[in-house]
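The values are calculated or read from the model by the stated rules, or taken from the named source; none is laboratory data. Just so you know, these numbers come straight off a predicted model, no measurement behind them. Cβ placement follows ideal geometry from the backbone for every residue including glycine, while neighbour counts extend to all protein chains displayed.
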């Protein structure tokens, strides 16, 4: 039953060296045509954070904080993982149909293509994570033992993205429309994940019904990851405090991986026919 | 001598869909109606032993590239079985170089993709640069290359990744004669090492001097297999005969041949996987925990 999953995981582990080397090459090709080069990796997120802070923090909230956390800090804690998640999803889903013609002439494990994109994006993410750490220090948040959880949540994020990349890259190769569909889903999820606004507002304003809506929003796995980052940095809770949610997250990750690897292995020899 | 490549009743069918939606539906095996299909290869069988050089000859659209893609493992046949013993490397004009990277980086990238280790890359890099012979352009991004330079670099890299079976799909026709000479020399080297080579070209002269055996493909079918001089002679006789036909006759001949390639309802057996009965059960077994946890989450 788990033959396909095992094969896909085996390929990821076996070719980790290859994944790393090719991820480095991906980075080298990017931003080559811009004068400011890799500086844009940080400039464009900074501009976006600035505008969201101004519109949502100052404009809509009038500078009020969220449960004692300054809005700017709260926003940055959610948006920095998102700046990694969103492009990784879209790029991972396009990776197979963009690259398969290059690699199909050799014995190359196609299942690592989405992973390569995710790993090459992670360089920027880890630098931003460092900046994030400095920002929390500047806001006077003392690092607590809870911060260790960051390792756990980063693992969650990578495993989920790799599993998700496997299924989306296969679907996008079979039908290119899926890519467009996925992009609009991502745009939607940006607003349905607590990045710009706190979902506990729903409970405050609508009571019982609001709680139900919040629970439905929690089904989104990115909710788990983004709130997890906040829990870790702000020292709010441990990931095992809400066992049901943690279990739910891993079950949905497993389900996606299960169907993703099944679909991938079934079609991988015929990807060239769908280009 | 050991058999290197064995093709048995290979066919390749392309579906011709009238609408995009038909193609999409076929993914889910929803057969709403039989669509038209095109037989790019029809029942091709032959064997190639180690050290043989085989030429593929034929008119445009006769299936040479499809066959070389199947030999290179790029495409899967719709029917029949293929056995390839060894690592094959396909060299086509579009060498698959990354335009944004420099030639040097491309060498490294392609070698990594071929599974060479760092030390091995170190060893072959200078050979590749020397073989490509494009001077200081090797430090420039590939997008600034001329088409000749690209094919030089592509050929140089592929040749140095040490394949057992080399498939050359008209890659030599882009370079100038000095480069072609160099490539032919390199191919002689491969022949001396006892490697198997497939060679697609329109040059009858190269074919005759180079190949021992020639497969003449004619509208997807094998018209003749045999000793190179003989097949080339017959092929040239055919082209001569064809060229002497009047325009109408040519058209008629072509449409007759093409209509034979159009078929309906070809049963392909590619990715035919035994859909076992319990497949649905398994899938739902995976979905049930998700549903339970989701419900728990919603109801808190």
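Restricting A:5, A:49, A:79 to residues that are in contact with a helix residue (DSSP H, G or I) (Cβ under 8 Å, 6 or more places away or on another chain), under 17 Å from residue A:126 (Cβ atoms), part of a helix (DSSP H, G or I) and at pLDDT 85 or above narrows the list to A:79.
Yes or no, residue by residue, for (1) at the interface with another protein chain (Cβ under 10 Å from one of its Cβ atoms); (2) touching a helix residue (DSSP H, G or I) at 6+ places or on another chain (Cβ under 6 Å); (3) touching a residue at least 24 places away in the same chain (Cβ under 8 Å); (4) not in a helix (DSSP H, G or I):
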residue	(1), (2), (3), (4)
A:202	no, yes, no, no
A:205	no, no, no, no
A:214	yes, yes, no, no
A:227	no, no, yes, no
A:252	yes, yes, yes, no
A:263	no, yes, yes, no
A:272	yes, no, yes, no
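Conditions tested, residue by residue: (1) in a strand (DSSP E or B); (2) surrounded by 22 or more Cβ atoms within 10 Å (Cβ to Cβ).
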| position | (1), (2) |
| --- | --- |
| B:158 | no, yes |
| B:163 | no, yes |
| B:199 | yes, yes |
| B:208 | no, no |
| B:225 | yes, no |
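Inside region A:111-140, can you point out the residues that are buried (at least 17 other Cβ atoms within 10 Å of the Cβ) and outside any helix (DSSP H, G or I)? A:111 - this is the single residue of region A:111-140 that is buried (at least 17 other Cβ atoms within 10 Å of the Cβ) and outside any helix (DSSP H, G or I). Restricting attention to region A:141-199, the residues that are within 17 Å of residue A:84 (Cβ to Cβ), part of a loop (DSSP other than H, G, I, E, B) and within 14 Å of chain B (Cβ to nearest Cβ) total 0. Against the conditions (1) surrounded by fewer than 18 Cβ atoms within 10 Å (Cβ to Cβ); (2) under 14 Å from the mean Cα position of the chain (by Cα), residue A:78 satisfies every one except (1). Here residue A:149 fits the description: under 17 Å from residue A:78 (Cβ atoms) and surrounded by 15 or more Cβ atoms within 10 Å (Cβ to Cβ).
Output the residue which, of all residues in region B:110-136 that are part of a loop (DSSP other than H, G, I, E, B) and at the interface with chain A (Cβ under 10 Å from one of its Cβ atoms), is surrounded by the fewest Cβ atoms within 10 Å (Cβ to Cβ).
Step one: filter region B:110-136 for residues part of a loop (DSSP other than H, G, I, E, B), giving B:114-117, B:133-134.
Remaining after also requiring at the interface with chain A (Cβ under 10 Å from one of its Cβ atoms): B:114-115, B:117.
Numbers: B:114: 22, B:115: 14, B:117: 11.
Once the filter is applied, the top-ranked residue is B:117.
If you take the residues of region A:229-246 that are within 14 Å of chain B (Cβ to nearest Cβ) and either in contact with a helix residue (DSSP H, G or I) (Cβ under 7 Å, 6 or more places away or on another chain) or part of a helix (DSSP H, G or I) (or both), which of them is farthest from residue B:294 (Cα to Cα)?
Checking each candidate, the answer is A:243.
Scanning region B:137-156 turns up no residue that is at pLDDT below 85, crowded, with 23+ Cβ neighbours inside 10 Å and within 10 Å of chain A (Cβ to nearest Cβ).
Based on what the data block shows, is residue A:16 within 21 Å of the chain's Cα centre (by Cα), within 14 Å of chain B (Cβ to nearest Cβ) and either surrounded by fewer than 15 Cβ atoms within 10 Å (Cβ to Cβ) or without any contact (Cβ under 8 Å) to a residue 40 or more places away in the chain (or both)?
Working: within 21 Å of the chain's Cα centre (by Cα): yes; within 14 Å of chain B (Cβ to nearest Cβ): yes; either surrounded by fewer than 15 Cβ atoms within 10 Å (Cβ to Cβ) or without any contact (Cβ under 8 Å) to a residue 40 or more places away in the chain (or both): yes.
For residue A:16, the condition - within 21 Å of the chain's Cα centre (by Cα), within 14 Å of chain B (Cβ to nearest Cβ) and either surrounded by fewer than 15 Cβ atoms within 10 Å (Cβ to Cβ) or without any contact (Cβ under 8 Å) to a residue 40 or more places away in the chain (or both) - is met.
For residue A:219, the conditions (1) outside any helix (DSSP H, G or I); (2) more than 11 Å from chain B (Cβ to nearest Cβ) all hold with the exception of (2).
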